[in-house]
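Report on one structure; see the data block that follows.
The values are calculated or read from the model by the stated rules, or taken from the named source; none is laboratory data. Because the structure is a prediction, the values reported are computed rather than measured. Reconstructed Cβ throughout: ideal geometry from the backbone, glycine too, with neighbour counts over all protein chains shown. Just so you know, the surface numbers come from the protein's heavy atoms only, side chains and all, with ligands and any DNA or RNA stripped out. Shrake-Rupley method; radii C 1.70, N 1.55, O 1.52, S 1.80 Å.
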Amino acid sequence: MVQPIYEYVFSGLVVVLMVSTSISTIFPITLAHLSQTSSLQLQGNARNILDKLLLTPGDPYDWGTDLSINSSQSDGLRDFGLAGSLTFNTLYRLDPSKVERLINTSTIDNPYYIPPKRAAEIMGLEKEFGFSLSFEPVLQISSHILNKTIVTRVTTPETIPVANVNVTAVLIRLNSANEEEFEIATSSTDWNGTAVLDFSGADNFDSVAYIILSDYYNIQTRTVGGSNLIEAVLIGNNIVVKYPIGTDLEETISNSRSPLYTVGKRTYIGEFESSSASISAYQLDTGGKTFVIYPLSNADPDISLATFITDIEGETKLIAAFRPFPTTYETGPIAGSTRHTLIRLVEVAGVSMRVKFHIWRLSE
Amino acid sequence: MTHGSRTGQFRILEVVFAAVILSSTYSVAIFIMEPANNPAIRTSDDMEILAFNVLNHMVQGGTFDRVTTEENWEDGIKIAITRLMPPGTYFNMTIFNATINGPSAMLTPLNTSPITNVQAAEALQAFQRSPEISSSTLTYTTKNGQFLVLRIIVAAAGGVSQ
């Protein structure tokens with residue numbers, strides 16, 4: 001009677017051992033395969049989403065210039081994409097007016113910002129994926145004013161100097177008669193990536209705004225700078241100015257004067273309005289802040305600098321609006337054990353940029 | 001030894017034998033299973049898109065219109081591609097001049113020096129050992145009517161010895 005009991009106990013133990021061995025073997029394999037499948041799916045999703053972002057214009061196709069779509073009111077935006085609208089649609093050439101909607105930093109107050117979570121919501125990603133889109137110019141320029149010259153240096157993002165780069169500087173300044181004037185200087189970078197642009201002929205260098213455009217075998221980039229001016233931003237074809245607190249806005253708007261100079265990618269300088277009539281403008285109140293918007297209805301979409309002058313409390317001021325560079329646009333910090341990264345080259349307002357796209361699953 | 005005890009011993013032997021077969025099957029399966037997420041397969045498509053992306057970027061800017069008008073243009077294009085490629089990427093580019101002759105086209109290499117960021121002595125090894133390698137070809141007509149075929153091979157740096 002005793003022996004069969006030992007048999008059953010032993011057989012039972014062996015069965016338990018088999019089951020536990022099987023589970024401990026199968027479980028990690030299954031997990032690894034699930035993780036690999038998830039990673040492959042994410043890779044496919046990453047490509048599709050990035051292609052959608054960079055190669056489709058969104059809906060409406062010209063939403064970048066539609067100012068009724070802004071940070072507080074974005075219901076009109078039905079689909080999200082950054083490609084140029086039909087008028088200048090080329091592969092991987094992004095619409096500057098759409099890219100600017102992604103910029104909102106401590107230094108750039110953008111009333112037309114579209115929050116990344118809203119973009120994720122429009123693309124149907126908000127519940128499943130997080131993403132990060134970062135832009136970096138292929139070549140970078142630094143510059144500073146030294147006496148009546150602008151010293152500029154062209155490097156890679158890894159700070160390796162780039163020689164033989166064609167550099168053009170457009171300088172817009174207030175002359176001694178308090179009128180706007182512009183000058184252009186060109187040069188080429190030396191072995192150290194440095195070029196000096198000489199404006200020694202200028203009679204007054206107190207209030208200046210400049211843009212430097214560089215070109216190396218069509219890798220283009222730019223930088224802007226200036227001194228003693230009121231800085232503004234170009235959002236689409238609009239100059240957005242946040243005047244100093246206490247400024248009499250109505251009087252300032254009525255004192256705003258032409259000529260209004262624009263500097264673009266191809267036409268180095270354009271006199272936008274030659275009449276002396278004041279520039280049409282309106283106020284925009286959003287998020288407790290007041291902006292003055294100067295629309296440029298017929299400007300080239302890739303202008304990078306626009307200037308005009310105005311009188312504030314009897315003092316003539318140069319207003320310079322720069323087109324800001326996009327940096328990082330993300331739904332949150334990069335996270336998740338399964339994530340995927342893609343890199344693409346794009347052009348934004350004449351600047352060659354590398355776009356790094358990270359995507360991850362929110363559930364991991 | 002009775003008949004019943006012998007039956008019990010056989011049962012135990014059967015179970016042990018079954019357990020050995022089962023566990024050895026799992027052990028073998030683990031070793032022979034090919035990882036589904038082979039990085040070379042996974043990212044070669046990305047490399048191809050990147051290669052096309054770089055060619056497309058240069059074509060749109062009219063870079064290759066300089067090919068016949070400048071001296072040492074190979075060096076300029078080499079540096080430009082080096083700047084455009086992400087760090088850790090090898091490339092080798094050949095530009096062909098296409099001459100259409102009836103139904104066929106004859107491709108003649110235009111670059112007299114290699115357009116690559118890899119030393120000639122190391123090129124073969126660098127491309128062979130790369131875990132990810134891909135290529136892209138684009139045709140381009142220059143402003144003066146020259147018909148060019150642009151071919152670029154890109155590879156991720158690194159890899160293991162074969």
Anything losing 30 Å² or more of accessible area from the isolated chain to the full protein assembly: pick those residues out of the stretch A:323-343, probe 1.4 Å, ligands and DNA/RNA ignored. A:HIS340, A:ILE343
Potential lengthening between A:LEU31 and A:THR286 on full extension [0.36 nm per residue; Cα-Cα distance subtracted]: 86.8 nm
Heavy atoms of B:GLU14: accessible area, 1.4 Å probe, square angstrom to 10: 120
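Please report, as a whole percent, how much of the solvent-accessible surface of the protein assembly as shown comes from carbon and sulfur atoms (probe radius 1.4 Å).
Accessible surface attributable to carbon and sulfur in the protein assembly as shown totals 55 percent.
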Considering only the other residues whose Cβ falls under 11 Å of the Cβ of A:GLU313, what net charge follows from Lys and Arg at +1 and Asp and Glu at -1? -3
C-alpha long axis of helix A:2-55 to longest principal axis of chain A, angle in °: 20
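With n ≥ 4 as the cut-off for DSSP H runs, can you work out [θ] at 222 nm for chain A, using -39500 (n - 2.57) per run divided by the number of residues, rounded to the nearest 500?
My calculation for chain A gives -6500 deg cm²/dmol from helical runs alone.
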With a 1.4 Å probe and all protein chains kept in place, how much accessible area does A:SER20 have, in Å² rounded to the nearest 10? 60
Whole-Å distance linking the alpha carbon centroid of the stretch A:109-182 with that of the stretch A:308-364 is 9
Go through A:LYS289/A:LYS317; A:LYS52/A:LYS242; A:LYS98/B:LYS78 and tell me which ones have a Cα-Cα distance over 23 Å in this structure. A:LYS52/A:LYS242; A:LYS98/B:LYS78
Share of pairwise Cα separations in chain A, more than 25 Å, in percent: 61
Cα to Cα, under 13 Å, and not fewer than 8 places away if on the same chain: which aspartates and glutamates meet these conditions relative to A:LYS148? A:GLU183, A:ASP198, A:ASP203, A:ASP206
Under a straight-distance cross-link criterion of Cα-Cα below 18 Å, which aspartates and glutamates are reachable from A:LYS356, leaving out those fewer than 8 residues away in the same chain? A:ASP51, A:ASP95, A:GLU100, A:GLU136, A:GLU158, A:GLU330, A:GLU347, B:ASP45, B:ASP46, B:GLU48
Would you jot down the residues in the stretch A:197-220 that end up with at least 30 Å² less accessible area in the complete protein assembly than in the chain alone, with a 1.4 Å probe? A:TYR216, A:TYR217, A:ASN218, A:ILE219
Starting at the first residue of the stretch A:119-126, write each ³J(HN,Hα) from the Karplus equation 6.51 cos²θ - 1.76 cosθ + 1.60 with θ = phi - 60°, in whole Hz, x for Gly and Pro. 4, 4, 5, 5, 8, x, 9, 4
Under a cut-off of 15 Å between alpha-carbon atoms, report the aspartates and glutamates in cross-link reach of B:LYS143, not counting same-chain residues fewer than 8 places apart. B:ASP65, B:GLU70
Could you tell me the relative contact order of chain A? Use alpha-carbon pairs under 8 Å, at least six residues apart, and round to a whole percent. 19
For the B and A pair, go ahead and give the buried accessible area with a 1.4 Å probe, both sides summed, in Å² to 100. 3700
Average accessible area per residue (Å²) across the stretch A:1-151 - probe 1.4 Å, nucleic acids and ligands excluded: 50
The correct ranking of A:TYR329, A:TYR113 by accessible area at 1.4 Å, largest first, is A:TYR113, A:TYR329
Considering only protein heavy atoms, what is the solvent-accessible area of B:ASP65 at a probe of 1.4 Å, reported in Å² to the nearest 10? 30
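For A:LEU125, B:LEU124, give me the order by solvent-accessible area with a 1.4 Å probe, most accessible first, ignoring ligands, DNA and RNA.
Result of the area sort, largest leading: B:LEU124, A:LEU125.
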Largest first, what is the accessible-area ranking of B:GLU70, B:GLU122, A:GLU347 with a 1.4 Å probe? B:GLU122, B:GLU70, A:GLU347
Would you please name the trypsin sites (Lys or Arg not before Pro) within the stretch B:70-162 that are DSSP coil residues with at most 16 other C-beta atoms within 10 Å of their C-beta? B:LYS143
